[in-house]
């Protein structure tokens, strides 16, 4: 189906259900998909989107759904943000590709300039652009190994870093990310992280870090570690926010032992947690920071940004890729960053958290099936357990998510145990749509309790 800008329907303002979810048009498309698309590609909700605006998705049946997923933390600026669309349109008219490694262009440089300004730290920085979060993380490891001359990479329980061979090795969860896909890259070592809901009561972040670091020194040796790679708030593992002091302790250890501290901010970056980057919450300054997802308003772009001496340690030709820093994606990133600045979306993320967290905590107290509510800014989670225990309840989690979908609210699940409902609304989402979406979630949980 070809749609021009002049043919686009007026953007909807409210949730609206015209059919069941999914409706007949989406079901027909699902049949076509089954005949042509690999079965290994899954979808959370098989409604086929025809347009999107702000925080609303419209499907092939004319249903309009509230989007609490943002394409997994990608459309932070909302769907079809005007500054993104305008810059993409102009760039596509000028040229769509030359390959920066062949004939460069200003947009790539502008994005790197912006990343140097926005990422934590006042040191001299360099950046390199890629296509996806996994590619960024993998290249951060390459850079760390080249700069240090070491091989060992330390990662943590509940981590998720991507689907390439190396990033599967970095990722903790087997099914569906790793099962059957080995062997994986060597010299990757996993240690316990900080999971306050499941750690021993009263355990501080510093104590948790000390236990992890002791294991690193005993099993690997501090002088052998090229990089410590961590998500400042773990994403797919369950939106796990480490105890205060955990990240600063890791960062200090890396500085003392000559290891590179790599922050995987693919999901947490670009105002999602109420700061431009989640590392800033405890004034942690990563040596390298991997970004993607929210950087470009929906177009594929990723980056590694960090200390100049680290990135410049890689010889010419050692970094890059045919599509890395594509000019249209760079234009989208510049429009996205412009929107985040002018609309102060970091503050919007904080307002979302301030509105949602009290309601989720009240719901947890009322129902007894939510063991923990956590999150920062617009990266929020409810962990479902069997009442009175910490035993994960993935079945209830799946039913709550399905009930939300049926009522026209897109929520996502995550967690090592599959028992976390995560909320990632666009940072531009109106207070009215946020309130309505939360009401649907509350109804779904209460409905589950009445079963």
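The values are calculated or read from the model by the stated rules, or taken from the named source; none is laboratory data. Just so it is clear, the structure is predicted and the values come from calculations on it, not from any experiment. Backbone-built Cβ (ideal geometry, glycine too); neighbour counts: all protein chains shown.
Some notes on this structure:
- The set of residues in segment 276-311 being over 16 Å from residue 251 (Cβ atoms), assigned to a loop (DSSP other than H, G, I, E, B) and in contact with a strand residue (DSSP E or B) (Cβ under 6 Å, 6 or more places away or on another chain) consists of 292 alone.
- Within the set 208, 103, 164, the sole residue that is under 30 Å from residue 315 (Cα atoms), without any contact (Cβ under 8 Å) to a residue 40 or more places away in the chain and surrounded by 15 or more Cβ atoms within 10 Å (Cβ to Cβ) turns out to be 164.
- Looking only at segment 427-450, residues that are in a loop (DSSP other than H, G, I, E, B) and under 27 Å from residue 394 (Cβ atoms) come to 1 in all.
- Considering 371, 375, the condition of being under 18 Å from the mean Cα position of the chain (by Cα) and either assigned to a loop (DSSP other than H, G, I, E, B) or crowded, with 21+ Cβ neighbours inside 10 Å (or both) is satisfied by 375 alone.
- Out of 304, 373, 328, sole residue that is more than 21 Å from residue 119 (Cα to Cα) and assigned by TED's automatic domain parsing to the domain that holds residue 89: 328
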